[in-house]
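Structure first, then comments.
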Amino acid sequence: MATRVFIQLPVSDLGRATAFLGALGFATDPGWTDAASRCMIAGTNIYVVLMLRGRFATFTPCPVADARSATEVLVCLDCAHRDEVDRLAGRALAAGGRAIRPPEDHGFMYGRAFQDPDGHIWELVWLSRPGVPA
């Protein structure tokens, strides 16, 4: 079983992408950072590695998708409460993200989704847990 998860994303502007995730509360991990990539701590054992498109291309034999015109992955983060979903979505929108659909409330699940400045889709979701308030 994996002990850590590294989500690797191609970006066109490393500074802009870092600032965007920083606005969401992600911290930089300097041990995994260089001039062409930046490792951001998303949670316990979860990291987002932002790579300039040229660096990212060295890790795959396939063309690098432009997330503004094609979706390869949806990154979904579990939030502890509904208000955390709204708080993080608000930060994302204030930092240059774009909402891609209205908030979804299914009673047992609440979520919001947005695109980051490079077009990657992020989802924030709260799922009901017995005994835990919404």
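Summary table below
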item	result
Cβ charges +1 (Lys, Arg) and -1 (Asp, Glu), total dipole of the chain, debye	120 debye
CD proxy at 222 nm, helix term only [per DSSP H run n ≥ 4: -39500 (n - 2.57); per residue of the chain; nearest 500]	-6000 deg cm²/dmol
Order of Leu77, Leu124, Leu24 under a 10 Å beta carbon neighbour criterion, fewest first	Leu77, Leu24, Leu124
Share antiparallel - DSSP beta bridges, region 1-62, percent rounded to 5	55 percent
The chain: antiparallel DSSP beta bridges as a percent of all, rounded to 5	60 percent
Within region 72-134, percent of DSSP bridges classed antiparallel, to nearest 5	70 percent
Directionally averaged shadow of region 72-134, computed from the convex hull of its alpha-carbon atoms, nm²	4.2 nm²
Helix 82-94 axis, angle to the chain major axis (alpha carbon atoms, nearest 10°)	40 degrees
Cα shape, region 1-62, gyration tensor, a/c 1.5 rule	oblate
Spin-label model distance (nm) - Ile100 vs Ala70, 7 Å beyond Cα toward Cβ	1.5 nm
Whole-Hz ³J(HN,Hα) from phi, Karplus 6.51 cos²θ - 1.76 cosθ + 1.60, for region 64-76, glycine and proline x	7, 5, 8, 5, 6, 10, 8, 10, 9, 8, 10, 9, 10
Listed residue (Met109, Gly15, Val64) projecting farthest to the positive dipole end of the chain, Cβ model	Gly15
Net charge of Cβ neighbours under 14 Å - reference Glu84; Lys, Arg +1; Asp, Glu -1	+1
Label of the coordinate-derived value, Rg/Rh (Cα atoms, Kirkwood Rh), listed as (1) 0.93; (2) 0.98; (3) 1.52	(2)
When region 28-88 is reduced to its Cα atoms, the Kirkwood hydrodynamic radius in Å	13.9 Å
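Coordinate-derived values only; no laboratory data. All of these numbers come straight from a predicted model, not from anything done at the bench. Positions of Cβ are backbone-derived with ideal geometry, glycine not excepted, and every protein chain shown enters the neighbour counts.
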